[in-house]
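The values are calculated or read from the model by the stated rules, or taken from the named source; none is laboratory data. Only a predicted model underlies this, so the values are computations on that prediction, with no experimental measurement involved. As a convention, Cβ positions derive from the backbone with ideal geometry for all residues, glycine included, and neighbour counts pool all protein chains shown. The area values use the complete protein model at the heavy-atom level, side chains included, leaving out ligands, DNA and RNA. Shrake-Rupley method; radii C 1.70, N 1.55, O 1.52, S 1.80 Å.
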Amino acid sequence: MDSLDNITARKPVSIVMIGAGNRARKYLEYIISSPDKVTLAGVVEPNPLRRDVFADHCGVPADRRYASVDEFFNLGRVADAVIIATPDDCHYEQSMRAIGLGYHVLLEKPIAQTDEEGEAIARAAERAGVVVNVCYVLHFHPYFLKLRELARSGELGRIVSVSHRSPVGIDRATHVYVRGAWGRKETSGPLLTSKCCHDIDFLIWLTGSRCRRVSSYGSLRWFTEANAPEGSAARCIDCSAESGCPFSAVDLYRRRHDWISNFDVPAGTTIDDAIERELATGVYGRCVYRCDNDVVDRQVVAMETESGITIDFAMDLFTTDCRRTTRISLTNGEIVGDEQSITVSTFRPRSTRRIDFSHTVGAPFHAGADLVTVENFVNAITGMPDDSRTDITDALESQRTCDAIEASRLELRR
Ligand SMILES: NC(=O)c1ccc[n+]([C@@H]2O[C@H](COP(=O)([O-])OP(=O)(O)OC[C@H]3O[C@@H](n4cnc5c(N)ncnc54)[C@H](O)[C@@H]3O)[C@@H](O)[C@H]2O)c1
């Protein structure tokens, strides 16, 4: 797309990773496996342990390991593109600085913390003539692609209404949205935006229509001090109620060894040491009723699109499962999906067929979608056609809708 950058299909695109956490590790897999298309030109990460583990893993030399974005951005433009995989409250400022220097940007969701910030990024990208894509990975996920293809094929007529549910899963919920870094609205934004901007984006992408009206309800109902069991303690390891608590950190991390991939393991120590450290002094050892969380723990949304489709959507933290379910009502039939399979039924003649997707459930990298997200970004930079609708201009619609949903939730709260 930009000959000035001296980028050709044959010259690998050079990318600097900003933030070397969980998401960055996924995108790195594509970079490592496609040296003909892309190279890692550096990593920016304030945590020295993570920075070095990440850089050692892919051979980034010492002089391209940056401890802060200031150190990196002060160099000017030293690569073609950046991937921004930092916490939500960093996205706006880092995108603006990167675009200002002429970098193409692959930006983790959510785009920013407000609609205005998102608009500013889109305008800056247009002015600078750079690609800014948002990591809406569901656009590259085989199951969601098929669901959309079926709904829009015309085979079952026109979409009338959609009923969509996003169960978060209780372990993810307590780890990420109660004890973890996404529990406070001030830093991570409303939970519906930080977690379910994927779902809102999916609904817009599925229906091909913008949201005209919305109303929403939700609040923090359970994870507050008022609901702490009698005699419970500030940390699960000291708690007399631990053995009967469904949200116990001892059970989740020490017994089940689940949700421990973001625990840092310094050289010479083990993951078990890291778990014990968290339980004794870390944020993840805290009682779920005594954290500093203030985001909702369930929310419902009713929407109407500009084309007249009605949508009901629910997000719930109190679930054992975390597979999204979608029921699409069309004029000539119905499509029902639960990520394991899609069932397509027609009204006349009465018929039902089932498409199996069990092979994609739990498959790594969101069933490969994370890797295609980077590939698609690299292709867009090199001028290849991109109909994924993940560029900032399309992606902004989900940010606008999420903002409207939060405004409605706050307005209607009594
Ligand atoms: N697309 C998806 O499916 C998906 C899934 C989960 C999370 N996310 C989003 O991806 C982003 C990263 O999430 P994660 O799970 O990888 O978090 P993480 O905490 O594992 O990684 C973030 C990394 O950024 C580093 N960091 C913090 N401040 C920084 C700064 N100023 N400059 C550079 N690095 C900084 C942290 O030290 C950390 O290593 C978030 O915005 C999150 O909402 C997207």
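Points to keep in mind about this one:
- Residue under evaluation ALA181, criteria (1) hydrophobic (A, V, I, L, M, F, W, C); (2) in contact with a Leu (Cβ under 7 Å, 6 or more places away or on another chain); (3) open to solvent by 40 Å² or more (accessible area, probe 1.4 Å), criterion not met: (2)
- Count - residues of the stretch 123-174 that are part of a strand (DSSP E or B), of a type in the set (S, T, N, Q) and surrounded by fewer than 22 Cβ atoms within 10 Å (Cβ to Cβ): 2
- Any hit, the stretch 269-289, residues being surrounded by fewer than 16 Cβ atoms within 10 Å (Cβ to Cβ), closer than 30 Å to SER161 by Cα and in contact with a His (Cβ under 9 Å, 6 or more places away or on another chain): no
- Within the stretch 307-331, the residues that satisfy the criterion of being open to solvent by less than 50 Å² (accessible area, probe 1.4 Å), within 28 Å of the chain's Cα centre (by Cα) and closer than 16 Å to GLY154 by Cα are ILE309, ILE328, SER329.
- Wholly enclosed strands (runs of 3 or more DSSP E) of the stretch 332-392 bearing at least 2 residues farther than 22 Å from GLU108 by Cβ and open to solvent by less than 40 Å² (accessible area, probe 1.4 Å): 333-337, 341-346
- Per-region count, the stretch 14-63, residues within 14 Å of the ligand (Cβ to nearest atom), farther than 19 Å from PHE365 by Cα and open to solvent by 10 Å² or more (accessible area, probe 1.4 Å): 9
- Residue that is farther than 30 Å from THR331 by Cβ and in the same structural domain as LEU330 (by TED's automatic domain parsing), where the choices are GLY218, GLY244: GLY218
- Residue within the stretch 88-101 that is open to solvent by less than 50 Å² (accessible area, probe 1.4 Å), away from the ligand (no atom under 12 Å from the Cβ) and farther than 30 Å from ILE328 by Cα present: yes
- If the condition is being in a helix (DSSP H, G or I) and open to solvent by 10 Å² or more (accessible area, probe 1.4 Å), then the stretch 112-121 contributes ASP115, GLU116, GLU117, GLU119, ALA120.
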